[in-house]
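Participant: Before I ask anything, here is the structure I am working with.
Taken together, the values in this text are just the output of simple stated rules run on the coordinates, not laboratory data. Bear in mind the structure is a predicted one, so any value in this text is a computation, not a measurement. Neighbour counts run over all protein chains shown; Cβ positions are idealised from the backbone, glycine included.
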Amino acid sequence: MAETFPILINYIEIVQKLANRFIEINKVNPPTDIFSLARKYAKLTTIYIPYEVDGITYKKGKEHFIIINEDRSPRRIRFTIAHEIGHVIIPWHLGDIIDINTQMYIDSDIERQANIFASEILMPHNWIEKIIQSSDDIEEITEKIVREADVSPFAATIRIVGEYSPGFVFAIVDEDGTIISSGKTNGTMD
């Protein structure tokens, strides 16, 4: 009887490699022309969806379809399109996917993987690294990423946090100074 051994797969690394290959094949540079990229891989439609749904991806035959809720900010739409492209490109994302804005759904592995893919194609690692190395001012870095990649401050902050070493915490505040989100760099203890 042959021995069996567990296989550990780091899906984050695999998704990042898929995104990097996608960037290379499509010659992606910020600001990413996300609409043209989507149309290259799927039929893209934007419509009003009266629910807490950002996007829908499905496959009919061999053709992929992406439907985007037009009732979102332009930057949210850009991120959602990149996210939906991730569902098309990541090979194990099979079937129909509806991106619902509930915490349980947002925290699922499939959604996390599509977010990693989207972040990478909108804000590529090498590009982010150069911006981070160009300044010590986190606000300046964030503003540059927001402006040049045409992403939300929230998306830029999450991407930046992923690039810093352990030991950093962050908070995103609204105009009134109320914390709307917070987190820490990978490896930072609770």
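Participant: For percent of Cα pairs over 24 Å apart, which listed value, (i) 37; (ii) 50; (iii) 42, comes from the coordinates shown?
Facilitator: Read-out taken from this structure: (iii).
Participant: Any aspartates and glutamates with Cα under 14 Å of the LYS27 Cα? List them, leaving off those in the same chain fewer than 8 positions away.
Facilitator: List returned: GLU120.
Participant: Calculate the FRET efficiency for ASP176 and GLU148 from the Cβ-Cβ distance with a Förster distance of 22 Å, rounded to the nearest 0.05.
Facilitator: That pair, ASP176 with GLU148, gives E of 0.20.
Participant: Here's something else I'd like to know. Run the reach check for LYS144 against aspartates and glutamates, Cα to Cα strictly under 14 Å, same-chain hits fewer than 8 apart removed. What comes back?
Facilitator: GLU129, ASP136
Participant: In whole angstrom, and with the biggest value first, how far do the Cα coordinates of segment 113-190 range along each principal axis?
Facilitator: The principal-axis extents, from largest down, are 29, 29, 29 Å.
Participant: Next question, about the same structure. Rounded to the nearest 20 debye, what is the charge dipole size of the chain about its Cα centre when +1 sits on each Lys and Arg Cβ and -1 on each Asp and Glu Cβ?
Facilitator: About 960 debye.
Participant: May I pose another question? Quick check: Cα centre of segment 141-190 to Cα centre of segment 32-71, how many Å?
Facilitator: 27
Participant: Would you work out the relative contact order for the chain, in percent, from Cα pairs under 8 angstrom that are 6 or more residues apart?
Facilitator: Relative CO of the chain lands at 18 percent.
Participant: Which of LYS17/LYS40; LYS43/LYS184; LYS62/LYS184; LYS17/LYS43 have a Cα-Cα distance over 29 Å? Please list the in-between numbers first.
Facilitator: On the way: LYS17/LYS40 20 Å; LYS43/LYS184 37 Å; LYS62/LYS184 41 Å; LYS17/LYS43 24 Å.
LYS43/LYS184; LYS62/LYS184, as the Cα separations exceed 29 Å there.
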